[in-house]
Amino acid sequence: MHVEVRGLNKKFGEFHAVKNVDFSIAKGQLIGLLGPSGGGKTSILRMLAGLETPDSGDILFHGKRVNDLPPQERGIGFVFQNYALFKHMTVEGNIAFGLEVKKWPKSRIKERVAELVELTGLSGFEKRYPHQLSGGQRQRVAFARALAPEPQLLLLDEPFAAIDAKIRQELRSWLREMIDRLGITSIFVTHDQDEAIEVADEIMIISKGNLEQKGTPWEIYKNPQTPFVASFIGESTIVEDVSSLRGFEDARAWPGTKGLIRPEYVEIGKPEEFQILSATETGRVKHLQFRGSEWLVELEVGSTRLVTYRSLEKEVLHPGDEIQVLVHRAYLFNDNDSWIMENKLKEDRMYVEI
Amino acid sequence: MRRLWIGLTFLVFALLLGAPVVRIAMGAWDEGWRGFANGLTRPEAVHALAMTGLIVAAVTVINTFFGVIFSMYLVRAAWLGPRLKKLLNSIVDLPFAVSPVIGGLMIVLLLGPDSALGGLLGAAGIKIVYALPGMILATLFVTFPLVIREVMPVLQEIGTQQEEAASMLGAYGWTTFRRVTWPQIRWSVVYGVVLTVARSLGEFGAVLVVSGNILFKTQTATTLVYQDVENFSLTSANAVALVLAAGSVALLLLMEWAKSRQKHV
């Protein structure tokens, strides 16, 4: 289903939960609504479902305005955060509910339930009650129940929040696979960026009721359009005075501009490990932390603190070691503008080499 | 030491609960089966028990129906402001705080023959006070919180998500209530109903004030027992009291059963 939203607004009393949100979603895409808790993601989802009424703005499915359509008539599957399974019904009963309400013939209901039980790998659990299932199984029942009446749009509210970390990983790929196979347009809400990046075709970043940016995970990582997006996606440290770093002296031309530097923008090593030594400067290792597959290195360059990762294959560093630091790029921003600045010395040198 | 405490507790309970029941049973039988049967088959006893039965039936039906509706609105209705909800919520407990006699008096003051409203209704030929409607009203007042207090916490606990899930699956209000909400609150409703029956069976103060205790007209089982005691016909009083006590014990057992079912869902 093609979904379009124009100028969506929602207030809860004094609290402006959703501010003028516009977007459109192509058929068959899997979209992640990502943002901090309380940012308005769930409100947007609930308005799409018809569980909440927008104060202003239009919601269009297939180009038709559905604002005045009750949730019962929207043809949407909804997976709730805590699944909201009917506690007094078995797995079968839960899945069949929507079909019984829609007065499908008995034989077709039986067929469809069997099909979904098979699809979600719940065979053998049909007669169980929700309290007899594990978290992952409950989630799959909720998924099957939402899919049973063949909806054209699937909405998932924090679908993995209530599941422990290990199974969450499994379920994520399972869900991705399932949605790919069914080709159903889906929108899910999450506050976990790894989840959004891993699962979604496109991410919409929502903060304080605003849609900050919409794009593929790679686009958003590579080209953040607002400081919020830049700091929310990936890891980063904010540097107050970027112009003090070697290669970024030009930043002095924009007073009040701060820099955001990701660990992967920073390269460290002994002098012989660099090809363009002139672009590096000397820093000092402040602190080391073993992260299982690599070292997290905190360092100090002048008065600036930076964070980076270092491979376990390389020579082991110690706090207090002097080390060469190369900052490849920084994401600069001030109150009006934001842009990415590459290390000038690195570029100059490459130009000369060519 | 521990044995002493346990023994003492048993003794207190035996004196408080056991002895009166045994005494009533013995009293009912002190003239043999004949006395017991006479006490119950007197025309005034038959009438009083019928009155009590009528009141219990009417109160239970009304109280259950409106109790469930009231709880639904108090928990679910978004259009009631939180302040109004709080106010209504405390009003529900009013009958717990107010003595039943005062409750009965309020009805007499509001709807009695000397009040404006009562006079108006009286002129139209409708008698409320010193008649069955007033007695039902008084019992309703006393039992009003019972169903609501049982159902509301359960409604709050199950939350709105399952109902929302049902609406996303295409179910409208009535279907959602019948298939999703009701199965989860029914044992609480049963529990509330049992409490209501027990309470209205034994109600005395409010009914006494409102009914005027008129023989063959507005006398209930409890007010009859009261009158029998006043008239020193203890055997008859004990016979009726024993029937009421047996009813209460049966309800108690039913209540335990409902409670165990409540936990299952």
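So which of A:122, A:99 is touching a Lys or Arg at 6+ places or on another chain (Cβ under 7 Å) and within 14 Å of chain B (Cβ to nearest Cβ)?
Of A:122, A:99, the one residue that is touching a Lys or Arg at 6+ places or on another chain (Cβ under 7 Å) and within 14 Å of chain B (Cβ to nearest Cβ) is A:99.
Please give the helices (runs of 4 or more DSSP H) falling wholly within the range B:122-200 in which 2 or more residues are more than 14 Å from chain A (Cβ to nearest Cβ), open to solvent by 30 Å² or more (accessible area, probe 1.4 Å) and modelled with pLDDT under 95.
Those helices (runs of 4 or more DSSP H) span B:132-158.
I need every pair where a residue in the range A:69-89 that is at the interface with chain B (Cβ under 7 Å from one of its Cβ atoms) has its Cβ under 8 Å from the Cβ of a residue that is part of a loop (DSSP other than H, G, I, E, B) and open to solvent by 40 Å² or more (accessible area, probe 1.4 Å), sequence separation at least 6 or different chains.
As it stands, the answer is A:72/B:172; A:76/A:152; A:82/A:162; A:87/A:129; A:87/B:265; A:88/A:129; A:88/B:265, since those pairs meet every condition given.
Among A:308, A:304, A:282, A:257, which is the only one that is surrounded by fewer than 17 Cβ atoms within 10 Å (Cβ to Cβ) and touching a residue at least 40 places away in the same chain (Cβ under 8 Å)?
Among A:308, A:304, A:282, A:257, only A:282 is surrounded by fewer than 17 Cβ atoms within 10 Å (Cβ to Cβ) and touching a residue at least 40 places away in the same chain (Cβ under 8 Å).
Yes/no matrix, rows are residues, columns are (1) more than 14 Å from chain A (Cβ to nearest Cβ); (2) surrounded by 14 or more Cβ atoms within 10 Å (Cβ to Cβ); (3) in contact with a helix residue (DSSP H, G or I) (Cβ under 7 Å, 6 or more places away or on another chain); (4) more than 27 Å from residue B:151 (Cβ to Cβ):
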residue: B:205; (1), (2), (3), (4): yes, yes, yes, no
residue: B:219; (1), (2), (3), (4): yes, yes, yes, yes
residue: B:224; (1), (2), (3), (4): yes, yes, yes, yes
residue: B:227; (1), (2), (3), (4): yes, yes, no, yes
residue: B:255; (1), (2), (3), (4): yes, yes, yes, no
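Could you figure out which of (1) in a helix (DSSP H, G or I); (2) of a type outside the set (A, V, I, L, M); (3) open to solvent by less than 40 Å² (accessible area, probe 1.4 Å) isn't true of residue B:259?
(3)
Within the range A:120-142, does at least one residue satisfy the condition of being within 32 Å of the chain's Cα centre (by Cα) and among the acidic types (Asp, Glu)?
no
Mind checking which residues of the range A:29-47 are surrounded by fewer than 24 Cβ atoms within 10 Å (Cβ to Cβ) and in contact with a Leu (Cβ under 6 Å, 6 or more places away or on another chain)?
Answer for the range A:29-47, where residues must be surrounded by fewer than 24 Cβ atoms within 10 Å (Cβ to Cβ) and in contact with a Leu (Cβ under 6 Å, 6 or more places away or on another chain): just A:45.
Among A:115, A:198, which is of a type outside the set (A, V, I, L, M, F, W, C), open to solvent by 20 Å² or more (accessible area, probe 1.4 Å), away from chain B (no Cβ under 14 Å) and touching a Pro at 6+ places or on another chain (Cβ under 9 Å)?
Every option except A:198 fails the conditions.
Okay, residues lined up against (1) farther than 27 Å from residue A:338 by Cβ; (2) in a strand (DSSP E or B); (3) of a type in the set (A, V, I, L, M):
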site	(1), (2), (3)
A:284	yes, yes, no
A:289	yes, yes, no
A:292	yes, no, no
A:295	yes, yes, no
A:307	no, yes, yes
A:320	yes, no, no
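For the range A:144-162, indicate whether the set of residues that are in a helix (DSSP H, G or I), modelled with pLDDT under 90 and more than 28 Å from residue B:172 (Cβ to Cβ) is non-empty.
no
When you look at residue B:231, is it closer than 30 Å to residue B:127 by Cα and open to solvent by 40 Å² or more (accessible area, probe 1.4 Å), yes or no?
So residue B:231 passes the test.
Kindly list, by first and then second residue, each pair from a residue in the range A:331-343 that is free of Cβ contacts under 8 Å to residues at least 60 places away in the same chain and in a strand (DSSP E or B) to a residue that is surrounded by 14 or more Cβ atoms within 10 Å (Cβ to Cβ) and charged (D, E, K, R), limited to pairs with Cβ atoms under 9 Å and residues at least 6 apart or on different chains.
Close Cβ pairs (under 9 Å, with a partner that is surrounded by 14 or more Cβ atoms within 10 Å (Cβ to Cβ) and charged (D, E, K, R)) amount to A:342/A:329.
The values are calculated or read from the model by the stated rules, or taken from the named source; none is laboratory data. Here the structure is a predicted model, which means the values were calculated and not measured. Cβ atoms come from the backbone with ideal geometry, glycine included; neighbour counts cover every protein chain shown. Accessible surface is based on the protein model in full, side chains and every heavy atom, while ligands, DNA and RNA are left aside. Shrake-Rupley method; radii C 1.70, N 1.55, O 1.52, S 1.80 Å.
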